[in-house]
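Data block below; observations after.
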Amino acid sequence: MLIEMRDIHKVYQMGKQRVHALAGVDLQIEPGEMVAVMGPSGSGKSTIMNILGCLDRPTRGTYLLEGQSVADLDNDALAAIRSRKIGFVFQTYNLLPRTPALANVLLPLMYQGARNRRERAERALARVGMADRMDHRPSELSGGQQQRVAVARALVTEPAIVLADEPTGNLDSRTSIEIMQLFRQLNEEGVTIVLVTHDQDIADCARRIVRVRDGRIVSDGPARYALPHEALGGGGSDTSEEAEGGGAQAVSSAGGTTPSGNSTPASSASS
Ligand SMILES: Nc1ncnc2c1ncn2[C@@H]1O[C@H](COP(=O)(O)OP(=O)(O)OP(=O)(O)O)[C@@H](O)[C@H]1O
Ligand SMILES: [Mg+2]
C-alpha cells in the first residue's frame with residue numbers, strides 16, 4: 001500500500017471557533033492508481049491533499065506513507081519525505097517567473113544535491129512534450145505549457161506520487177484535456193497520481209473518483225476512465241482507447257451524482 005489514511009481528523013482553531021475540516025477520513029491508494037478527488041468548496045479536498053503531501057499534519061488519526069507513520073517524523077524528516085517521495089502540481093503552476101523552464105525543473109534536484117541534474121531535467125521536459133521550450137521563461141509560455149513545465153518539475157525527482165490540487169483550474173477546457181492526457185500517459189507509465197477537480201469530465205479521465213463532503217468521504221468508485229475526445233473537435237488525440245484498464249467500467253460512481261448522463265460528450269471509451 002502506498003497511502004493509508006485511517007480515521008484522519010483535522011481541526012483548525014480560529015480564535016474561539018473550531019473548524020472540523022476533516023471528520024474521519026479513511027483512504028487507501030495503491031501504487032499505480034490515478035485518483036480524482038471531488039467535492040463542494042470547503043469540503044476538505046485541499047486539506048486531504050496537504051496531509052497526503054506531508055505539508056500538514058492530521059489532528060488525529062494515522063497516516064502511513066509507504067508503510068511509514070508520518071506522525072513519528074519531525075519537520076526535517078517530513079521535508080525530506082516531501083522532497084524525495086512527492087511531486088506537487090498547483091492550479092497556478094507556481095513556477096519562478098523570470099527563470100527559464102529548464103532551471104525551474106532543475107530546482108528540486110538542486111535541493112536534493114542529485115547527480116546528472118541537467119540531463120534529468122531535460123529528460124523530464126521531453127517527457128511532457130516541452131523539449132523545444134526549455135529556454136523559455138514562464139511569461140513566454142502559454143498556461144498549458146507552464147503547467148507542463150510544472151508537471152516536469154514534479155516528476156523530475158521520480159516521486160512515488162504526484163499530487164495535483166486543481167491542476168486544470170486555470171486552463172480552458174481544451175487545454176485541460178491535454179493536461180489530463182499527459183497525466184494519463186504518465187499514469188500508464190506507472191506514476192501514481194491524485195488530483196482534485198471540480199469538473200466531472202476531468203474526474204472521469206481518472207481511474208477512480210473519491211467524493212468528499214463535510215470532511216468525510218461519501219463515495220469511492222471507478223471513474224469512466226474516458227477522455228472527452230469529441231470535445232476536442234477531432235483534434236489530435238491519439239491516446240489508445242481501452243475499456244479494460246484498472247478495473248474501470250462505464251459505471252456511475254457509487255455516490256450517484258453523475259450529471260444526467262445526456263450531455264457528456266464522451267459517449268464511451270470503447271467506440
Ligand atoms: N489554514 C486554515 N485555517 C482555518 N481553517 C481552514 C484552513 N484551511 C482550511 N480551512 C477550513 O477547512 C475547511 C476545508 O477547507 P479546504 O481548503 O480543504 O476545502 P476544499 O474542499 O479544498 O475547498 P475548495 O474547493 O474551495 O478549494 C473549510 O471550511 C476551510 O474554511
Ligand atoms: Mg481546495
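Just so you know, all these numbers are worked out from the coordinates, no wet-lab data involved. Owing to the predicted nature of the structure, the values given are computational and were not obtained by experimental measurement. Glycine also receives a Cβ, built like all others from the backbone with ideal geometry; neighbour counts cover every protein chain displayed.
Points worth noting:
- When Arg224, Arg120 are sorted by how many other C-beta atoms sit within 10 angstrom of their C-beta, beginning with the fewest, the order is Arg120, Arg224.
- When Lys85, Lys16, Lys10 are arranged by Cβ crowding within 10 Å, least crowded first, meaning fewest neighbours, the order is Lys16, Lys85, Lys10.
- Cβ-to-Cβ counts within 10 Å put Val25, Val19 in ascending order as Val19, Val25, the fewest first.
- Three-way shape call for region 1-97 based on the alpha-carbon gyration tensor, with the a/c threshold at 1.5: rounded
- Region 82-128 and region 159-182 have their alpha-carbon centroids 17 Å apart.
- D_trans [Stokes-Einstein, Kirkwood Rh over alpha-carbon pairs] for region 134-182, 25 °C, 0.890 mPa s, µm² s⁻¹: 213
- The magnitude of the dipole of region 149-229, with charges of +1 and -1 set on the Cβ of Lys/Arg and Asp/Glu and taken from the Cα centre, is near 220 debye.
- Ignoring lysines fewer than eight residues from Lys85 along the same chain, the ones with Cα atoms less than 21 angstrom from its Cα are Lys45.
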